[in-house]
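The values are calculated or read from the model by the stated rules, or taken from the named source; none is laboratory data. Just so it is clear, the structure is predicted and the values come from calculations on it, not from any experiment. Glycine gets a Cβ as well: all are built from the backbone with ideal geometry, and neighbour counts include every protein chain shown.
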Amino acid sequence: MKLLSVNVGLPREVEWRGKTILTSIFKSPVAGRVRVGKLNLEGDRQSDLSVHGGPEKAVYAYPSEHYAFWREELPGMELSWGAFGENFTTEGLIESSVCIGDRLRVGSAELVVTQPRMPCFKLGIRFGRADMVKHFLCSERTGFYLAVVHKGEVEAGDPVEWIARDPHGITVADVVHLYLADAATSSAG
């Protein structure tokens, strides 16, 4: 398992449906060691802390393995690392094998998996497609959030190591399936 890219971005204003929206979904890869703090990475900020960021969602990780799927789904779209707003583009960490509560070491930082990403309308802004939020969620390729247990530094190329696996074995994919099943039941009723 490996960290392929470290991606950061600062809030920026964009026009969306006649309104000015503040968003931090635009992330770009950075070179060199990057400090991981309790709330985010050095050089990174979240725009709306009511739904993104904070101690339970300090770092967003997204599997590089999903990029091939999205390149087929979104032909002609530029998809460099960080395109989905992730801080960490990873290799070898898939939602079906990563459990809520798993502890990971990346560089000198220690992190814990907290929850899948549930996308908001800003993903649609990023891709210029109003249907992108639904498409992303239904793909079940959500990535996951990490809380920072111990601050440290990371760099693209660092190995990602398991420190501990959560004994309950509830994967990120399990939580996404429950959410989608609940949403289907709610919309049918």
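Figures for the structure shown
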item: All positions within the stretch 24-47 that are touching a residue at least 60 places away in the same chain (Cβ under 8 Å), part of a loop (DSSP other than H, G, I, E, B) and among the charged types (D, E, K, R); result: Lys27, Arg33, Lys38
item: Selection status of Leu146, touching a helix residue (DSSP H, G or I) at 6+ places or on another chain (Cβ under 9 Å) and either of a type in the set (Ser, Thr, Tyr) or within 30 Å of Glu15 (Cβ to Cβ) (or both); result: no
item: Within the stretch 52-87, considering residues that are in contact (Cβ under 8 Å) with a residue 24 or more places away in the chain and more than 13 Å from the chain's Cα centre (by Cα), the one farthest from Ala173 (Cα to Cα); result: Met77
item: Condition met for Leu93 (surrounded by 14 or more Cβ atoms within 10 Å (Cβ to Cβ) and more than 25 Å from Val149 (Cβ to Cβ)); result: no
item: Enumeration of residues in the stretch 115-125 that are buried (at least 18 other Cβ atoms within 10 Å of the Cβ) and either modelled with pLDDT of 95 or more or within 14 Å of the chain's Cα centre (by Cα) (or both); result: Pro116, Arg117, Pro119, Lys122, Leu123
item: Among (1) touching a strand residue (DSSP E or B) at 6+ places or on another chain (Cβ under 8 Å); (2) modelled with pLDDT under 95 - the single one Ala181 does not satisfy; result: (1)
item: Selection count where residues are part of a loop (DSSP other than H, G, I, E, B) and surrounded by fewer than 18 Cβ atoms within 10 Å (Cβ to Cβ), scope the stretch 126-162; result: 8
item: Pairs, first within 15 Å of Gln46 (Cα to Cα) and in contact (Cβ under 8 Å) with a residue 60 or more places away in the chain in the stretch 1-19, second assigned to a strand (DSSP E or B) and among the hydrophobic types (A, V, I, L, M, F, W, C), C-beta under 8 Å, six or more apart; result: Asn7/Phe88; Val8/Val34; Val8/Leu41; Val14/Ile21
item: Residues (of a type outside the set (D, E, K, R) and over 17 Å from Leu123 (Cβ atoms)) located in the stretch 59-87; result: Val59, Ser64, Ala68, Pro75, Gly76
item: Single condition Ile21 does not satisfy, out of (1) at pLDDT below 90; (2) part of a loop (DSSP other than H, G, I, E, B); result: (2)
